[in-house]
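K.L.:
Sharing a structure here in structure tokens format.
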Amino acid sequence: MTSKLEKALARLVAAAKHLNIDTTILERLEFPQETTHARLTIRMDDGSLKSFRAWRCRYDDSRGPTKGGIRYHPSVTADEVETLAFLMTVKCAVMNLPLGGGKGGVQIDPRHLSKIELERLARGYVQNFAKVIGPNRDIPAPDVNTNAMTMAWMADEYASIVGERTPAVITGKPISLGGSLGRDDATARGGYYLLQFLAKGLGFTQGARAAIQGFGNAGSHMAQLLESAGYKVVAVSDSKGAIYCPAGLDIKKLNAAKERNGSVTKLAGSDGVSRIAAGELVSVECDLLVLAALEDMVHAGNAANVKAAIILELANSPITPEADEILKSKNIIVLPDILANAGGVAVSYFEWVQNRQGDYWAIEDIHARLKTMMEEEGAAILACAKDKNITLRSAAYVRALSRIVEAIEAKGT
């Protein structure tokens, strides 16, 4: 059975065909540089001890310290962590950040833990991986089911271990502990800046109909940004289901329903809003499909049903390689994850820089830096795609690989 990492690497191998590079470099990138597996044993509120599997992967540090989030999920595996670390390596290179790729995970359902137990888990993670992470070696951040509070516990534990306050060891922290302004909506805002910048060059009309799969942090912020730009959001989904309204949904009401009832589906039956199966969202009538949920949501079984002209990937790997080929045959343009959702790691990088300098930037400066970065890389990748007659995803991999190769070769044999 093909692993997730093998599937992800296939895209890198395909990109290498457009570059004249030494095959030994691809061999170097075939496996992660370092993966550490640990058992986290914590005291539960009832006095018992429980153990959980945990990982931290540093995939490649050719361009700088590795960087990547830590996720809590019952289905986390070593393969998933290594795949995401690989994708982060590519993503940092796409954005020309002086960083490599890393990732962490704990195999746990955090909904079953109290706040005190979650704090013990976060501190236990750092205790086990303190020799792996560091501001010049590996910098964690939030991911699925972790947040600013989790990062605050982890940063505090690391400071206790090394004996000094070290804010640059972790990003995604609360503002009061050295976090950066603009981090909350960075992933969505980066994708939005990219979409708006490339729209004209791709022949896409701004202010069109949009459907958003996933109404978590990235999806909800994207909905707000699109609505403010005149887009009509006609469908959204979350873990409980999906809703559709051809006349357009009210984003304020969506946010209120999500906060009050835990799901956007509670709006069904009012103001022309109808409930649809979650799986139907990717095939609704729309111009823009935003994928902001989980991996492999568009696959060989449903790709042919997609009606959107453009797909924006805010989630990691939401489209399978098989689906990519189907979408290409339908002339559907995909703004790939390693570019479109890179706003998150870009602002995390900004936080790391601010922590190291002890100088903190205004929100206007952060937005301006992010906008410039997304537009510069978006323009270069679009030009590469047109020049080589390849997809934007392939062009992004070509650009990333060329930068990684340059860093490796600069170090000599």
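Read the figures in this text as sums done on the coordinates, not as results from a lab. As the structure is a computational prediction, the values presented were derived from the model and not from experiment. For neighbour counting, all protein chains shown are included, and Cβ atoms are generated from backbone atoms with ideal geometry for every residue, glycine included.
K.L.:
State, as an integer percentage, the relative contact order of the stretch 186-331 based on alpha-carbon contacts under 8 Å between residues 6 or more apart.
P.N.:
Details: 282 pairs, mean separation 32.5, N = 146.
In percent, rounded to a whole number, it is 22.
K.L.:
Using a 10 Å cut-off on Cβ atoms, rank the peptides 232-240, 98-106, 256-264 from the highest mean neighbour count down.
P.N.:
Details: 232-240: 22.2, 98-106: 26.9, 256-264: 16.1.
Result, highest mean Cβ count within 10 Å first: 98-106, 232-240, 256-264.
K.L.:
So what are the ³J(HN,Hα) numbers for the stretch 41-50, from phi and the Karplus equation (6.51, -1.76, 1.60; θ = phi - 60°), rounded to whole Hz, Gly and Pro as x?
P.N.:
10, 10, 7, 7, 4, 8, x, 7, 10, 10
K.L.:
Compute, for the chain, the length of the dipole vector about the Cα centre, with Cβ point charges of +1 (Lys, Arg) and -1 (Asp, Glu) only. Units Debye, rounded to 20. Spell out each step's value before the answer.
P.N.:
Working: 48 positive and 47 negative charges, 52 e Å.
For this selection, approximately 240 debye.
K.L.:
Could I ask something else about it? Per DSSP helix of 4 or more residues, -39500 (n - 2.57); summed, then divided by the residues of the chain. What does that give at 222 nm, rounded to the nearest 500? Numbers along the way, then the final one.
P.N.:
Details: 13 runs with 175 residues, N = 413.
Only helices count here, giving -13500 deg cm²/dmol.
K.L.:
Related question: State whether the chain is rounded, prolate or oblate according to the following rule on the C-alpha gyration tensor (a ≥ b ≥ c being the square roots of its eigenvalues): a/c under 1.5 gives rounded; otherwise a/b larger than b/c gives prolate, and the remaining case gives oblate. Each step should come with its number before you reach the end.
P.N.:
Numbers: a/c = 1.55, a/b = 1.15, b/c = 1.35.
Verdict is oblate for the chain.
K.L.:
Under unit Cβ charges (Lys, Arg +1; Asp, Glu -1), what dipole magnitude, rounded to 20 debye, does the stretch 186-331 have relative to its Cα centre?
P.N.:
Numbers: 14 positive and 14 negative charges, 97 e Å.
Dipole magnitude for the stretch 186-331 comes out near 460 debye.
K.L.:
With an 8 Å Cα cut-off and a minimum separation of 6 or more residues, compute the relative contact order for the chain in percent.
P.N.:
Numbers: 837 pairs, mean separation 67.5, N = 413.
Computed value for the chain: 16 percent relative contact order.
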